[in-house]
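Just so it is clear, none of the values below were taken in a lab; they were calculated from the coordinates. None of the values given here were measured: they were computed from a predicted structure. Note that each Cβ is placed from the backbone with ideal geometry, even for glycine, and that neighbours are counted across all protein chains shown.
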Amino acid sequence: MEFKLEAHRIVSISLGKIYNSRVQRGGIKLHKNLLVSLVLRSARQVYLSDPCPGLYLAGPPGTPPQLPGELVAGPPAGWGEPPPPPAPAAWPESEPEQEHRAVLDTPRAGDLEPEATLTGARNTLQSTEAAAEEAGDSAGDSAGGLDIFPEGPRAARHYCGCLPGGGEKQGVLGAPLHGDGRCAEDKPPAPPPVCPRKRSAAGMGGCGPAGCPGSTPLKKPRWDLEEQPGRMEEEEEEMETGNVANLISIFGSSFSGLLRKSPGGGPEEAEGEGSNPEASEPGQICCDKPVLRDMNPWSTAIVAF
Amino acid sequence: MEEDIDTRKINNSFLRDHSYATEADIISTVEFNHTGELLATGDKGGRVVIFQREQESKNQVHRRGEYNVYSTFQSHEPEFDYLKSLEIEEKINKIRWLPQQNAAYFLLSTNDKTVKLWKVSERDKRPEGYNLKDEEGRLRDPATITTLRVPVLRPMDLMVEATPRRVFANAHTYHINSISVNSDYETYMSADDLRINLWNFEITNQSFNIVDIKPANMEELTEVITAAEFHPHHCNTFVYSSSKGTIRLCDMRASALCDRHTKFFEEPEDPSNRSFFSEIISSISDVKFSHSGRYIMTRDYLTVKVWDLNMESRPIETYQVHDYLRSKLCSLYENDCIFDKFECVWNGSDSVIMTGSYNNFFRMFDRNTKRDVTLEASRENSKPRAILKPRKVCVGGKRRKDEISVDSLDFSKKILHTAWHPSENIIAVAATNNLYIFQDKVN
């Protein structure tokens, strides 16, 4: 449990750093943000892999409390029908078949309503996933774009069957490096189902790669999936730290409620708050529609940069 | 609404207010020239201050030459990149001297984006007796000139002037972290987070890209370049260090683009030391060739390592700079100290290495005797001709008198930049906005 709290704290600190880096003089420092995102990834992995039954609010019946792999493996459907992913090493006892179940569950998770029926971490993490999807899309054809997410969900919505493990190196900020040809199936993602949440979140985060450093006016990224692969390359050469902004927007949405509830939560999180999430205690993962509603104001705050 | 707030923040940071002015004095780089006669410092405000060593006089044999201010000039100004709405800091990241080839001195100074070549020259004579100009410089009417005279040079007060001779701009998308003058004295390289460019001193509108580690998809980025240096004797060889704790040695004869290294130096990670911050503390902040060219020294957050160029598998020596911080990494992450980039230097004979730490401490390691010492650069301890007392950090248990406990360390007082005279035991230590120069004791 201590690890989880520690990891949570580190994640929130890291987010604060990424956020602050956008206002500092001289623009975003790539090196520092890379290191911060590494820490973010490690902390998040620990956070999600540390089983802690008390932490999750009651989920739907049959949801084992301690399968973070499954919980996060519920991205909205429409990410192709990915092949069953091998269980990545990071997941303790996350058997592949449970992930299969999660994968099969995903069509349900395509829109707001099923989300609302789930409570606890599952919601937050799924909304995070969804947000990651959107942000990740804008960043190219790599799988999901954000390596901070555990390999499970990324595998679930993977375009290509590559997974970390077996010595394949991960990009910190994104896709597995396609080093060794295991990604034979480079499936392009199918168009997502109509998802109202996606649309509302389209205004958020990721001032795309072009807009990110400093205070450029936000270029609203277009969330058409089909055109993602070329997007990064199309951008002219500049400091491509758009993924940093994506990180912020993702985490902003999922953590805004968390951090506001926790004692001494960072001021930047309070900025974007909309309605009160339903968390009842500090440190607990709260979730649900209010978080989703919070996404917009939070992201607008970040995105204003 | 939030946008307004953000704009105000940006505007405020751009303007020089009082607190900002103080920050401008923070020294950001220190470098002796090749003879040790001159010492240059750069600061966050974009200024360069050059000190010159006094000639030793016969009258005062007990006084070794002291360093006095020789020249001060504004090297870089804050700039604004309108296209990207980015402010470019004027902070001087590095200064490197060129070897002296005539009466003038030349140095390279760089901020995040632009490298400049400065010529520092003395003027102690001035021509007088022009025919077409009068003493104030006004033109004379040629019709009034009845005699001709030859202008003569008359002595004047010494004036040291610095002029920018070359400006090497627009070659770096990312922040420049290193420059290094090649031993051929005709080229130099500049390195940013992802690329290294090779320049010719005479040509400012072109540079060759010799290393490019930018991935096609930025999300696959795993490491950045943190420092780079040319070999002191072999003009085709250079090294660059990465944020992953690796060093690559490249040979420019092998190919035009040196993405493939000739040698790859990496020490396997100690799994028992793994933590959230393992990656950060393994990031190399500085790499320096020894004067002999046989070794390289690297500095990461907690250690200094010496590598033999002939052995890639692990360093030949590892020195703990402040291992007592290992248990405090989380706090250091919170207050951003874990991102501090310490530099390291060799002495002239490559027998002693020096690097900085917190609380204005700096450490020296004697490679031969394996002894090390911690010294402090502070006003109280540094009366002229006072002898520096070794300091000790108490890591736990009983604290002896004169020891300082880890929790009492002042992490805002950090020594990131130090320099060692090329041949004598004179060191320059930059402690925030103060420069300390220490010399060997004279009998």
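For a label point 7 angstrom out from the Cα of B:D340 toward its Cβ, which stretches of region B:388-418 have the backbone nitrogen within less than 17 Å?
B:391-395, B:404-418
Quick one: in region A:7-49, what % of C-alpha pairs are over 16 Å apart?
Here the long-distance tail beyond 16 Å is 34 percent of all Cα pairs in region A:7-49.
What FRET efficiency do you get for B:E54 and A:F3 if R0 is 60 Å and r is their Cβ-Cβ distance, rounded to the nearest 0.05?
0.50
Compute the helix-to-body angle for B:2-14: its Cα long axis versus the longest principal axis of chain B, expressed 0 to 90° and rounded to tens.
The helix B:2-14 is inclined about 60 degrees to chain B.
In nm, give the distance between the simple-model label positions of B:N368 and B:L158, each being 7 Å from the Cα along the Cα-to-Cβ direction.
3.6 nm
Based only on other Cβ atoms within 10 Å, what is the fewest-to-most ordering of A:E6, B:E219? Don't jump to the answer; show the numbers that get you there.
Working: A:E6 16, B:E219 26.
By the 10 Å Cβ count, ascending, the order reads A:E6, B:E219.
Report the Stokes-Einstein translational diffusion coefficient (µm² s⁻¹, integer) for region B:162-290, Rh taken as the Kirkwood radius over Cα pairs, at 20 °C with viscosity 1.002 mPa s.
On the way: Rh = 15.6 Å.
Reported coefficient: 138 µm²/s.
Based on the Cβ-Cβ distance from B:Q101 to B:S349, what FRET efficiency comes out when R0 is 30 Å, to the nearest 0.05?
Computed FRET efficiency for B:Q101 and B:S349 comes out at 0.75.
Using the basic label-point model (7 angstrom from Cα toward the beta carbon), what is the B:R253 to B:R149 distance in nanometres?
The modelled label-to-label distance comes out at 6.2 nm.
Given a Förster radius of 22 Å and the C-beta distance between A:N20 and B:D81 as r, what FRET efficiency does 1/(1 + (r/R0)^6) yield to the nearest 0.05?
Once the sixth-power term is evaluated, E becomes 0.60.
Helix-only estimate, please: 222 nm mean residue ellipticity of chain B, summing -39500 (n - 2.57) across DSSP H runs of length 4 or more and dividing by its residues, to the nearest 500.
My calculation for chain B gives -2000 deg cm²/dmol from helical runs alone.
Can I get the semi-axes of region B:219-323's equivalent ellipsoid? Compute them from the C-alpha gyration tensor as square roots of 5 times the eigenvalues, in angstrom, largest first.
After diagonalising the Cα gyration tensor, the semi-axes are 23, 17, 11 Å.
Roughly speaking, what is the stretch gain from B:S327 to B:M311, that is 0.36 nm per residue apart minus the C-alpha to C-alpha distance, in nm to one decimal?
Full-extension gain reported as 2.7 nm.
For region B:331-342, take each phi angle, set θ = phi - 60°, evaluate the Karplus expression 6.51 cos²θ - 1.76 cosθ + 1.60, and give the result in whole Hz per residue in order, putting x for glycine and proline.
So the Karplus estimates, Gly and Pro as x, are 5, 5, 5, 4, 8, 6, 5, 5, 8, 4, 10, 7 Hz.
Compute the length gained on full extension between B:L139 and B:R123: take 0.36 nm times their separation in residues and subtract their Cα-Cα distance, giving the result in nm to one decimal. Before the final figure, lay out each step's value.
Values: separation 16, 0.36 × 16 = 5.76 nm, distance 2.35 nm.
Residue separation times 0.36 nm, minus the Cα-Cα distance, leaves 3.4 nm.
Taking region B:360-409, which GluC sites (Glu not before Pro) meet the DSSP loop condition and have no more than 15 other C-beta atoms within 10 Å?
Values: sites: B:E376, B:E380, B:E403; in loops: B:E380.
Taking region B:360-409 and a limit of 15 other Cβ atoms within 10 Å, the loop GluC sites (Glu not before Pro) found are B:E380.
Find how much the distance from B:H233 to B:N273 grows on full extension, using 0.36 nm per residue of separation minus their present alpha carbon separation; answer in nm with one decimal.
10.7 nm
What's the ranking of B:155-166, A:15-26, B:139-150 by average number of surrounding C-beta atoms within 10 Å, highest first? Write out the running numbers ahead of the final one.
Working: B:155-166: 12.6, A:15-26: 19.3, B:139-150: 7.7.
Taking the mean over residues of other Cβ atoms within 10 Å, the ranking is A:15-26, B:155-166, B:139-150.
Take the alpha-carbon centre of region B:334-395, take the same for region B:93-124, and report the distance between them in whole Å.
So the separation of the two Cα centres works out to 28 Å.
Please work out the ratio of the alpha-carbon Rg of region B:246-396 to 2.2 N^0.38 Å and round it to two decimals.
Here the Cα radius of gyration is 1.15 times the empirical estimate.
At 7 Å along the Cα-to-beta-carbon direction for both B:K398 and B:S378, put a label point, then send me their distance in nm to one decimal.
Label-label distance for B:K398 and B:S378, simple model: 2.4 nm.
Given the alpha-carbon gyration tensor of chain B, what are the semi-axes of its equivalent ellipsoid in whole angstrom, ordered largest first, with each equal to the square root of 5 times an eigenvalue?
Rounded to whole Å, the semi-axes are 39, 28, 24.
Out of the chymotrypsin sites (Phe, Trp or Tyr not before Pro) in region B:33-141, which ones are loop residues according to DSSP with at most 15 other C-beta atoms within 10 Å?
Passing both the DSSP loop test and the Cβ count: B:Y82, B:Y130.
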